[in-house]
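Worksheet for the structure shown next.
Bear in mind these aren't lab numbers, they're just calculated from the coordinates by the rules spelled out. In this text the structure is predicted, and so the values were computed from the model without any measurement. Positions of Cβ are generated from backbone atoms using ideal geometry, with glycine treated the same way; all protein chains shown enter the neighbour counts.
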Amino acid sequence: MILPIETIYGHLQGLKSSQLKQLQKLYHQRLPGDRLTTSEFAQRLAAISTEINQPVCVYINRRGQPIRVGVGTPGQTQIPLLELPRYGVERLSGIRCIATQLKADPPNQAALTAMAMQRLDALAVLILSGSGFERRGGGATGYVRATYLAHLIPQPEDTLRPQANEAGEEPPASWSVSPPLSLEMLANQDFVDLVEGLEEEFRREYTARQVDRTQDQVLLVGLQTDTLPIQRFQDGLAELSRLVETAGGEVLQVLCQRRPRPHPQTVVGEGKVQEIALTVQAVGASLVVFDRDLSPTQIRNLEMQLGVRVIDRTEVILDIFAQRAQSKAGKLQVELAQLEYMLPRLAGRGQAMSRLGGGIGTRGPGETKLETERRSIQRRITRLQREVDQLQAHRSRLRQQRQHREIPSVAIVGYTNAGKSTLLNVLTAAEVYAADQLFATLDPTTRRLVITNPETQELETILLTDTVGFIHELPPALIDAFRATLEEVTEADALVHLVDLSHPAWQSHIRSVMAILTAMPIVPGPILLVFNKIDCADGDAIALAREEFPNGIFISASAGLGLETLKQKLCHLAHYSLVHAGG
């Protein structure tokens, strides 16, 4: 980490030039590598603080070299988290803070929180003479009256709660604060022994829960607003957790907050942001995922304060789609959706985006890298849009051929993981990939289903299409980009709306799917409601579904239950749709 030499941070208003020079000279001090501080350095720091009548903080690396001098408390002068090295939960940052304090109290919550957020090796607080401190722990002469030493301690695994931490619940303490010490006792502290002992404790504590570092270690954050019912909020968090796991991440912990409305700058409140930062450090999270869409400004502010990557629900879904798309059409549509999502979020995505790209010869500094990226993405979006339009026209011709042959088509729609691909496989032996995952398949698959008409005993052919799963608040970018898939819905003669009856939020899933279908530019044909996974659903859910939807069909695709009844209904549905279309 390289910082501008002799730059003084913090509250500098009213300071004389001579006082600023004294502060700048602190950068030229060098402390012994095995000592937290020396009496001479502490007294000099305290003298400057006494003269300007403000607290002063000096941040020192393990070579004993000051790298940051600030006027103010540890919370006011802390190093931005993005500038700190990240070694993981088994190591500290390699930086300690020596801070003066005008009051005789032990270091407060704000100072200890700043220490934890930066994972400082230690925080030494110098209580100045004249602060009203009684002579305890030996006292001291000169400017330093007494001292406190604080450092982090590892949290046992059972305190790292995976369940949601509701608003107002204090996170477990992760630090230790000494009783008052004399300056001599602080100066004689073996710093190397202290740091090595602490890091060994962290390594021992976290060895038992080492994880695959190729996975993102994720902290989920949920915000419950006044307009969001508690059950809907909890269902959304559970679904987000499944989405993260489907994308290949591991959810370490979930934090929640209740607010009337999202904070415009950071979504959650200032105190919750600090708690998130502390939890990130405590559990070793490499990614923070919010349960709602974030603006570019909110992402930028949160990443600056948390020191790790921050993404929202839409970006998780886009990542899943990027992993699962197999066909050329699917890959094109995923890339298009990602670029359209990324374009307004370029600003603030790392310092590189704000630097000038130098030119050769007479080109001069040229356009910024941000502008270059934006132009490049715009060109790529235009080209992808053209290719998607061509694919859309090709699919339209194929559908016209099928309609010319008067073969009825039925699209299977439903919430993600409702069992659509499993049902297609069971009915048509399609061998489409099916798994207990969200968005296991993305590309539409059409197969012929041959059914014996129960009335005429003749063979009937129906085209069954498996479509991409819907989800609550499907990101608009995905609705636009997956036009080809969704057109299989709007162009189908009829729909099978498949519902996972074993899911506790099955009623909410029905409403979400119907809301998306209603918003389609073309009104779909007749809809047959089919309840799946009845072998896993409880009796109360089945009874309620039968009462609310008496015309529904109840099946288990994996267990083969109710499939003959479904085939007969499909035959009637296909005939009805053809007659209706012809009339």
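Within the shell defined by Cβ-Cβ distances under 15 Å, the residues around residue 569 carry a net charge of -3, with Lys and Arg each +1 and Asp and Glu each -1. Database remark: amide H of residue 445 closer than 5 angstrom to the amide H of 466 (H placed geometrically; neighbours at sequence offset of 5 or more, or on other chains; Pro and chain starts carry no H).
Between residue 461 and residue 293, what's the calculated FRET efficiency when r is the beta-carbon distance and R0 is 35 Å? Round to 0.05. Using R0 = 35 Å, I get an efficiency of 0.20.
A simple count of charges around residue 534, restricted to other residues whose Cβ falls under 11 Å of its Cβ and scoring Lys, Arg +1 and Asp, Glu -1, yields -1.
Close amide H partners of residue 68, meaning residues 5 or more places away or on another chain with modelled amide H under 5 Å apart, are 59. Rounded to whole numbers, the Karplus 3J(HN,Hα) couplings from phi for segment 223-240 are 10, 9, 8, 5, 8, 10, x, 4, 5, 5, 5, 5, 4, x, 5, 4, 5, 4 Hz, using 6.51 cos²θ - 1.76 cosθ + 1.60 with θ = phi - 60°, and x at Gly and Pro.
Near residue 220, once Lys and Arg are set to +1 and Asp and Glu to -1 for all other residues with Cβ below 12 Å from its Cβ, the sum equals -3.
As an equivalent ellipsoid, segment 217-311 spans semi-axes of 18, 17, 12 angstrom, where each value is the square root of five times an eigenvalue of the C-alpha gyration tensor, largest first.
If R0 is taken as 60 Å, the Cβ-Cβ distance between residue 379 and residue 196 corresponds to a FRET efficiency of 0.65. Using modelled amide H (1.01 Å from N, peptide plane; none on Pro or chain starts), what sits under 5 Å from the amide H of residue 407, excluding residues fewer than 5 places away? Result for residue 407 returns nothing.
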